[in-house]
Amino acid sequence: MPAEPRATYRVQLHAGFGFDDAAALAGYLADLGISHLYSSPYLQAAPGSTHGYDVVDPTRVNEELGGAAGHERLGSILGRHGLGQVLDIVPNHMAITGPENPWWWDVLENGPSSLYAPYFDVAWDPPESHLRNLVLIPVLGDHYGRVLEAGELCLARDGGNFTIRYYDHLLPVAPRSLDRLLDAAAVRASSDDLA
């Protein structure tokens, strides 16, 4: 196979067109004189992604496309036909929609002390001192106080973890915030178990 691309053919991978579907094109592409299959991103993306630019785990191959085994089959078949592969990697794109992205979830929970904080471009030291070491996510449809009074923020407990849901947005509660939340809840509930 040529080391440098002479001619590429781009495929858009998604759940309905995965690694095995792309592999089925190998003979046809070789006959056309294509040297490399140019693949859309195929690292683990958000569930149902049709484009792959919403990566949730950059350490895994997307299961919806056929997983690691499907990727291995694709590489083998391309090699048999003398084709290389060019991959559109997207290290600057990640989905931040929920716990499916463990790196981002950890940053939301632990702020700058997260093991993954250096991978994200977060302004930990803004001019406003009350915002230092916080991640601001602009998802509220109104001012915070109004949203809170309207009961649109829902605190939930899942085992030892707490989350806040705002419609279809799910966010972790930072462990360092739990004392304030639980102390207030204990007073309202007259419960020593929460204090």
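Just so you know, all these numbers are worked out from the coordinates, no wet-lab data involved. Quick caveat, the model's predicted, so the values are computed rather than measured. Please note: Cβ atoms are built from the backbone with ideal geometry, for glycine as well, and neighbour counts cover all protein chains shown.
List of remarks:
- Assigned charges on the beta-carbon of Lys, Arg, Asp, Glu; segment 8-87 dipole about Cα centre (debye): 220 debye
- Cβ-placed point charges (K, R +1; D, E -1), dipole of the chain about Cα centre in debye, nearest 20: 340 debye
- Packing-based exposure ordering (other Cβ within 10 Å, fewest first) of S114, S39: S114, S39
- With the charge dipole of segment 102-189 set up from +1 on Lys and Arg Cβ and -1 on Asp and Glu Cβ about the Cα centre, the Cα lying farthest toward the positive end among the listed residues F120, G159, L134 is that of G159.
- 11 Å beta-carbon shell around A15, net charge (K/R +1, D/E -1): -3
- Positive dipole terminus of the chain, leading residue within A30, V187, A95 (C-beta point charges): A30
- Between 0 and 90 degrees, the angle of helix 67-80 with respect to the longest Cα principal axis of the chain falls at about 20 degrees.
- Structure-derived mean projected area of the Cα convex hull in nm²: which label, when the choices are (1) 12.7; (2) 15.0; (3) 10.2: (2)
- Environment charge of H51, counting only residues whose C-beta is closer than 14 Å and scoring Lys/Arg +1, Asp/Glu -1: -2
- Backbone amide hydrogens, once placed in the peptide plane, bring Q85 within less than 5 Å of L37, excluding anything fewer than 5 places away on its chain.
- Filtered chymotrypsin sites (Phe, Trp or Tyr not before Pro), segment 128-169: DSSP coil and at most 16 other beta carbons within 10 Å: Y167
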